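A.B. asks: Sharing a structure with you now.
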Amino acid sequence: MDAYPFPTSSVRQDVPLFLQRIYASQQPPPQTPGTPVAPLPLYLPPPALPAVEEDLVPPENFATVSSGVYRSGFPMKKNFRFMETLRLKTVLTLVLEDYPEANLKWCQSQDIQFMQFGIPGNKEPFDNIPEDVICAALVQILDKRNHPILIHCNKGKHRTGCLIGCIRRFQSWSLTSIFDEYRRFSSPKSRAVDQQFIDLFDLHLVWDKILAVGGLSSLPEWGMLTLPRLIGAPMRDNSEMWGL
């Protein structure tokens, strides 16, 4: 069979009709004398990129407290994808108000247990901080079966700061380091009453509850964890450290 040469100027009539159409579609448009030829582009534009995934946005004031324990302000819907990366077992809130339905549904969808230890916004006077609620929350936090756990209030400053300060005392932190951390998160509205509460909180209240249920085996593996037999130093006057 004879091959059909590719035409250079016009389509040959002895070529089958379907090939004529193909050849015709491949011919450059006729050029009139003096018509400039459009230059070929130096490069082709890059292909469209796929849609970028939503950024991982941590909640306000988010930070790692210790292995398996995190702190933050109130989680919003935009924070859910970030929180999924933490593989949380527990969300513990210190807010007193009803928890948003969207947050409860998200916890349920992630198989996360929800705990609420409501504390009113910490203002004067000093006795507004409910010691029994702080104690109950600490019992849950000191149970590693609840880890990883996220602790939060509205802003992650004062109520959360008081609770974290008490955790630091269990971890044998110095008061100077505890108060420095508290002020770093609560600035510019650090409260002397919060720091006073942290210093005067009786750790025996928590240990009594833990020992009553034989919970020592579930303690987190934190270095320098203050054991019950080491607690009981005489009361100190730290009013200057509190800022009073």
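A.B. asks: With respect to the numbered conditions (1) surrounded by fewer than 15 Cβ atoms within 10 Å (Cβ to Cβ); (2) within 29 Å of the chain's Cα centre (by Cα), which one is the sole condition not fulfilled by V193?
C.D. replies: Unmet for V193, out of (1) surrounded by fewer than 15 Cβ atoms within 10 Å (Cβ to Cβ); (2) within 29 Å of the chain's Cα centre (by Cα): (1).
A.B. asks: Here's another thing I want to ask about it. Testing L138 on (1) over 25 Å from S67 (Cβ atoms); (2) touching a Cys at 6+ places or on another chain (Cβ under 8 Å), one condition comes back false. Which one is that?
C.D. replies: Among (1) over 25 Å from S67 (Cβ atoms); (2) touching a Cys at 6+ places or on another chain (Cβ under 8 Å), the lone unmet condition for L138 is (1).
A.B. asks: Turning to a different aspect of this structure: Restricting to the range 139-163, what's the tally of residues that are assigned to a helix (DSSP H, G or I) and surrounded by fewer than 23 Cβ atoms within 10 Å (Cβ to Cβ)?
C.D. replies: 5
A.B. asks: Looking only at the range 147-177, which residues are more than 19 Å from the chain's Cα centre (by Cα) and farther than 20 Å from V133 by Cβ?
C.D. replies: Listed by number, the residues that qualify are Q171, S172, W173, S174, L175, T176, S177.
A.B. asks: Shifting gears a bit: May I ask you to verify whether F185 is assigned to a helix (DSSP H, G or I), over 13 Å from R71 (Cα atoms) and either touching a residue at least 60 places away in the same chain (Cβ under 8 Å) or touching a Leu at 6+ places or on another chain (Cβ under 8 Å) (or both)?
C.D. replies: Against the criterion (assigned to a helix (DSSP H, G or I), over 13 Å from R71 (Cα atoms) and either touching a residue at least 60 places away in the same chain (Cβ under 8 Å) or touching a Leu at 6+ places or on another chain (Cβ under 8 Å) (or both)), F185 does not qualify.
A.B. asks: To continue, here is another question. Looking only at the range 172-213, count how many residues are on the phi > 0 side of the Ramachandran plot and not polar (S, T, N, Q).
C.D. replies: Here is the first cut: in the range 172-213, the residues on the phi > 0 side of the Ramachandran plot are 172.
Among the residues that remain, those that are also not polar (S, T, N, Q) are: none.
Qualifying residue count for the region: 0.
Readers should treat all values here as calculations from the given coordinates under stated rules, not as data from a laboratory. None of these values were measured; they are calculated from a predicted model. Neighbour counts are summed over all protein chains in view; Cβ atoms, including those assigned to glycine, are modelled from backbone coordinates with ideal geometry.
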